[in-house]
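Scroll down for the structure; my scribbles are underneath it.
The values are calculated or read from the model by the stated rules, or taken from the named source; none is laboratory data. Here the structure is a predicted model, which means the values were calculated and not measured. All Cβ positions, glycine included, derive from the backbone under ideal geometry; neighbour counts span all protein chains shown.
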Amino acid sequence: MASVIKTRSSATRLLAAVAVLSGLVLGAAQAHAATPSSPTEAPAATAAALPVVNMEATVLAAQIDPRRADSTQTPGAHDSVLAVEQALQARGLLEARWVDGYFGTTTITAYAAYQRSLGYTGLDANGLPGTTSLTALGQGRYTITRQLSVGAKLQRDGYTINTRTQNMLTEAERLLGFHLTLDQGSYNPGGDPTSAGTHDGGGVVDINVDGMSSTTRTAVAKALRQVGFAAWVRNPNQGDWPWHIHAAAISDTDLATQAQNQTGDYYLGLNGLANHAADDGPRIPIQTWEEYQRTH
């Protein structure tokens, strides 16, 4: 009997020891679970967000900056232009010293070289960023906001223009209360030599002013400016042409180089002619078609 009691006592002590040991192991596991993971065990950090390129600001800078006499940057465009220049530098098209947020002539030349690398020629490789080239350049480097589109080509008064230009003219007509008739349209390379190539690309039209008074001509130029055109009343004393209103749609991505230069000059208070004289049109706050749409 004593032997049996001794055996049971030993078994009891063994079970107790196992219980204690189990408790220690469980406690250690719980303590480990409550301890923060070491840096090497932390989940991998998510990739940093890509820079954002505002296409509206970038295209505007590409029109204005090359026309400046100094390196003043277009307000609101620095970060976007910088991201584009960094992408051009990464492709070996732009030296580091020109990566500065200023879309000057050197950046225009580099961007045109990139457009040619995509197979573009002529007006499609003039250094003014378009949606397709800007998107391709930014793959893995930046994202794009406020994209611009000129839409499809169409006919108006027997001339070719694009959808964006048509929408702008329609709104100007609404403001004026009467129809505007074209004397010349867009996409007209080799057309009127007095136009100096401004109508070779998109976004540029000449408005017929026959029968209009001086006051009405000025009102038309003002309405065109309100909706986003760089517009001037032209007279025979300025060149070998009749009275008309010349209008270039700011930030139209199909603008010929000469028309880009005119829109840049417009922002700098000039008349868009070779003499670089002061702007002789109605002075109103300058805005693009997209800016006008956001406020009306």
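Residues of segment 133-165 that are in a helix (DSSP H, G or I) and either in the same structural domain as residue 249 (by TED's automatic domain parsing) or at pLDDT below 95 (or both): 163, 164, 165. Just one of (1) at pLDDT below 95; (2) among the polar types (S, T, N, Q); (3) crowded, with 21+ Cβ neighbours inside 10 Å fails for residue 63. It is (1). Would it be correct to say that residue 293 is surrounded by fewer than 16 Cβ atoms within 10 Å (Cβ to Cβ), not in a loop (DSSP other than H, G, I, E, B) and not hydroxyl-bearing (Ser, Thr, Tyr)? Criteria met by residue 293. Cβ separations smaller than 8 Å between residues 6+ apart or across chains give the following pairs from segment 68-81 residues that are within 19 Å of residue 262 (Cα to Cα) and free of Cβ contacts under 8 Å to residues at least 60 places away in the same chain to residues that are buried (at least 16 other Cβ atoms within 10 Å of the Cβ) and β-branched (Val, Ile, Thr): 73/81; 74/64; 74/81. Within segment 234-245, identify whether any single residue is part of a loop (DSSP other than H, G, I, E, B) and either under 21 Å from residue 170 (Cβ atoms) or not assigned by TED's automatic domain parsing to the domain that holds residue 287 (or both), and answer yes or no. The answer is no, given that none of the residues of segment 234-245 is part of a loop (DSSP other than H, G, I, E, B) and either under 21 Å from residue 170 (Cβ atoms) or not assigned by TED's automatic domain parsing to the domain that holds residue 287 (or both).
Condition check: surrounded by 18 or more Cβ atoms within 10 Å (Cβ to Cβ) and within 14 Å of the chain's Cα centre (by Cα). Does residue 77 satisfy that?
The answer is yes for residue 77.
Scanning segment 44-80 for residues that are touching an Asp or Glu at 6+ places or on another chain (Cβ under 8 Å) and assigned to a helix (DSSP H, G or I) returns 56, 67. Restricting to segment 198-226, what's the tally of residues that are in contact (Cβ under 8 Å) with a residue 40 or more places away in the chain and either among the polar types (S, T, N, Q) or buried (at least 19 other Cβ atoms within 10 Å of the Cβ) (or both)? The number of residues fulfilling the criteria is 17.
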